[in-house]
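Everything on this sheet refers to the single structure shown next.
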Amino acid sequence: MHVVNNAYGMYCAEALQRMYNYTAPVWSGSSWGYYTPYLWFDGDKGTTGYNSWNDSIQNRMLIDAPLTITMWGDWIPAQGTGTIYAQFRNDTTVAINGLAYFVLTEDSIYRQTPNADQWHNHVARDYLPTQSGESVSIPSGDSIILSRSFTLTPTWNADMIEFVAWIQNPTMNPADSAKEIWQGAKLDIAELGIDEYGNSNIAGMNITPTPNPCVNSTRFSFTLPSGERYQINFYDITGRQIRTLSGIASGSEQTVEWNLRNTEDVRVTSGVYLYRFESSNIYTTGKVIVR
């Protein structure tokens with residue numbers, strides 16, 4: 001959530017308030033308090049151990065959910081505004097009563113922070129409309145559709161925006177501090193209706209690799225003023241820099257190819273890699289998926 005320290009540059013007051021919905025997880029010797037990084041897994045106060053998070057999430061994904069969520073929407077890139085819709089369908093034989101939430105997140109943010117982390121993923125930018133959620137009741141076999149309007153801040157990377165929706169049990173289980181999340185869904189901004197996204201003033205400021213996912217190589221195409229220097233840095237998922245491509249712009253459209261090899265000329269393994277494109281006119285970040 002990146003909610004504790006505004007020095008991170010990713011502070012979200014709504015995310016901080018939502019953190020207080022749960023019992024403080026850490027005993028300091030005289031009182032309970034909050035601690036980061038800390039995984040509230042499915043509403044449970046969880047653990048601080050990074051290594052255990054993946055197994056917990058994978059095991060939970062094997063459990064059937066009582067809800068199906070379908071998301072869609074549209075937006076106007078030139079204005080940075082739009083609407084998100086979500087259909088929540090109750091697949092059980094009993095009514096579901098809970099709180100529906102929507103949050104706008106930004107992924108692949110490259111920024112040095114006081115704790116030395118460089119890459120920040122799925123950062124909560126804005127709860128739609130607030131972190132309090134909306135009380136809903138869905139009869140057995142029935143569904144409801146909710147909509148939320150949104151506005152992007154110009155400093156966010158529009159290509160890295162995702163929308164997340166979920167329904168959660170508002171009642172805390174005293175045994176484990178859990179407020180069970182019955183089902184969640186996410187929608188990438190690229191999946192919205194974006195007829196105006198071809199506007200060169202917007203698309204020109206964001207450079208994305210093609211193809212992605214990739215098997216043999218991926219390419220970055222761009223146009224910069226003649227003589228302008230550019231640099232593309234690649235990182236593994238831990239934030240370790242593995243390769244740099246740089247050059248001087250020709251003034252016309254050009255393509256730079258990454259052959260999926262690191263600085264030792266060894267082909268990288270399958271997985272997710274991060275990139276940062278920098279020049280005087282363009283700064284953008286994102287992910288490359290290697291198969």
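Summary of computed values
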item	result
Three semi-axes of the equivalent ellipsoid, region 232-273, Cα gyration tensor, whole Å, largest first	23, 11, 10
Average projected area [Cα convex hull, region 207-290], square nanometres	5.0 nm²
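Read-outs throughout are calculated quantities, based only on the coordinates presented, and are distinct from any laboratory measurement. It should be emphasised that the depicted structure is a prediction, and the values quoted were computed from it without experimental measurement.
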